[in-house]
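Structure first, commentary second.
Just so it is clear, none of the values below were taken in a lab; they were calculated from the coordinates. Here the structure is a predicted model, which means the values were calculated and not measured. Neighbour counts run over all protein chains shown; Cβ positions are idealised from the backbone, glycine included.
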Amino acid sequence: MIICKMGKFKAITDERGDSVNEKLRELRKKAMSLPLTPGVYIMKNAAGEIIYIGKAKALKNRVSQYFGSQNTHTKKVRKMVENVNDFDYILCSSEFEALVLECSLIKQHTPKYNILLKDDKGYSYIKVTGGEWKNFTAVKQKDDDTARYIGPYMSSFGITNAVSNAKKAFKLPQCSKKFPRDYGKSRPCLNYAIGQCSAPCAGKITRQAHNEAVDRALDFIENGSGKVIEELTAKMQAYSDNLEFEKAAKLRDTINSIKKITDRQNVVATGAEEQDVFAVVGGADGSNPKACLAVLRFRDRRLYDSEHFIIDLPEDLISARKELIESYYSIRDFVPRRVTLDGETADAELLAQWLTSLRGSKVTVNVAQRGEGHALVEMCRQNAAQKLALYMGRTGRGTAALDELGHALGLKRPPQYIESYDISHTAGADNVAGMVVFKDGLPLKKAYRRFSIKGFSGQDDYASMAEVIDRRLNEYEKNKDSGEGFGVLPDLILLDGGKGQVNAVLPVLKAHGTDIPLFGMVKDSHHRTRAIATGGEEIALTSKRAAFTLVSSIQEEVHRYSVEYHRAKHKKSAVSTTLTRIEGVGEARAKALLRHFRTIKAISEASVEELLKVKGMNKTAAEKIYAAFHGE
């Protein structure tokens, strides 16, 4: 039993109502009188509703932070603080007791600003229909009918997989056709060709043989593969002894199919007897960024359940992991011996202690860095990325690549909006830069921009890159109210180059007061992406296949775009030089001619009268131009 003391503070308001700043000052003043002891704090709004519950090792330090400078808080915390009108607190004898009480109160009150996972998991059944042609399917609930139901089962994932595997092993139809209505009325599909269906739709199997296969499949689900293989092996031997080799061969194929299914299940086996694996993948969805928490559950060293939850994208993933784990095990009865995470979590030791108290025996919480644990986390992350992509209507590959890149670079969240820059010139002449944008892992061509270097002449890639980034950030200040184009700041900037380019641009970012993550893309001797550069070291991406492919695509695209612009400008510069060699034609007149006629050929074929139609042209200059192209 937790022994605690309870107190209450309330914000004071006068008849006119205090300003937000005055309310914060009053709340902070009262928070500063809290003791430096462990406890739980309960934030309430003006209606007295509980909106957030947290625990602290030292109440005074933790609670007063909420009502200090708001610049250090995440958006979610700032929003919560805006709605706080008073708070309660409960003193506890230890930080662990505070954690236990915090979890209990969150489960009881479900506050708005705590991370809560909705428990929408019900029981699952296997529905077996009778009639002339038997069939079975995985269902979420019982219907009021005459069908037989096997179950209930807690894991819908496990039952769905079991039904699918059983139908493949015993070559039962997995389509929506009904029998006997569709018996013998169509050609067999691909499943028949690859040996996963007996094709009753084409009349390839009798009703009796089909029903026997259904009975064996159900026996396989209920009793496991061992007993079924033993019985089928005995029947196969009997057919062989009676010289019924065709029937024996069919049973042999069925046995082999069952063994393949069993071997496939072993692929997702784990060395830990009991283990839950967690991974969080985030992605932007307009103004409402989302994330997916995926959980893979292993028991008896095999995957037996998979779950996922769509949540608001956390701004502080380390703190969010703690809340997610607490929320998950508050809606699940079973706690395994090991909990494996995809990254650091706040209060890891306390979390392990709390899980141990729920299980009744030691629970280990670890972050997978290598080996089997890391492989399982990556599989879990891929599942989360796929589920989030499905929810947001995107490709799972792009979502997974962004998440992998974010992890590799140590970003707080996956970079949904990436800008990349490259410099192109010919020995310092016609110095230009290209900017490409990748949104959600795909090129956003309408946001591409080109820059002509203006600050100096000659060759200096570092100064060129610094100038371009400075001009880009200046454009942001002019356009930030638009929310598009230059009015959007990227989540990540990638420069085509190494640490030299990065170090040249970092002071520019600092001068503009922005902390946009900045990295360089390093090439090898074959002009292919090799690594990511920081200001002082390199990060290898070769082991991160999805992230490596994405960065390579970005580097190739920005190089292509900047080189195309340079070539166009260089060609135009050469053309302009051809015209300015003519007496009476300067830069302005050369540009006017090219705007009017488009090409040198068209200018060379123009008459004096046609040349006079160009803005700013006089008869003397027109005659000089005509003479230059006609040898006069």
request  = Before anything else, pin down the relative contact order of region 279-366: Cα pairs under 8 Å, at least 6 apart, normalised by residue count, whole percent.
outcome  = 22
ask   = Separation between the E212 and Y476 pseudo-spin-labels, each 7 Å from Cα along Cα→Cβ, expressed in nm?
value = 7.3
key: For region 21-38 versus region 183-200, the gap between their alpha-carbon centres in whole angstrom   = 73
The chain, helix-only ellipticity at 222 nm - DSSP H runs n ≥ 4, -39,500 (n - 2.57), divided by all residues, nearest 500 = -14000 deg cm²/dmol
inquiry  = Going through the cross-link list K107/K439; K134/K250; K446/K523; K118/K446; K290/K523, which pairs have a Cα-Cα distance over 29 Å in this structure?
reply    = K107/K439; K118/K446; K290/K523
ask   = By the scheme Lys and Arg +1, Asp and Glu -1, what is the net charge of all other residues having a beta-carbon under 15 Å from that of D300?
value = +2
task = List the lysines whose Cα lies under 28 Å from the Cα of K29, skipping any in the same chain that are fewer than 8 positions away.
result = K5, K8, K10, K44, K55, K57, K60, K75, K76, K79, K112
query = Within straight cross-link reach of K445, meaning Cα distance under 23 Å, which lysines are found once same-chain residues fewer than 8 apart are removed?
reply = K478, K480, K569
ask   = Just how far, in whole angstrom, is region 274-341 from region 350-367 if you go by their alpha carbon centroids?
value = 16
message = Can you return the lysines within cross-link range of K127? Criterion is Cα-Cα under 17 Å, with same-chain partners fewer than 8 residues away left out.
response = K140, K142, K167, K177, K178
request  = Only loop residues by DSSP count here, and only those with at most 16 other Cβ atoms within 10 Å; note down the GluC sites (Glu not before Pro) in region 49-148 that meet that.
outcome  = E49, E132
inquiry  = Can you match Rg/Rh (Cα atoms, Kirkwood Rh) to one of these, [x] 1.12; [y] 1.06; [z] 1.02, based on a calculation from the structure here?
reply    = [x]
inquiry  = For Cα pairs less than 8 Å apart in space and 6+ apart in sequence, what is the mean separation divided by the residue count of the chain, i.e. the relative contact order in percent?
reply    = 7
query = If you place +1 on the Cβ of every Lys and Arg, -1 on the Cβ of every Asp and Glu, and leave all else neutral, what size is the dipole of the chain about its Cα centre, to the nearest 20 Debye?
reply = 1000
request  = Place +1 on the Cβ of every Lys and Arg and -1 on the Cβ of every Asp and Glu in the chain, take the dipole about the Cα centre, and give the residue among T160, L190, Q353 whose Cα lies farthest towards its positive end.
outcome  = L190
query = Which loop trypsin sites (Lys or Arg not before Pro) in region 417-477, with loop taken from DSSP, have no more than 14 other Cβ atoms within 10 angstrom of their Cβ?
reply = K454
message = From zero outward in steps of 10 Å, how is the percent of C-alpha pairs of region 357-424 spread across the bins?
response = 17, 36, 27, 15, 3, 1, 0
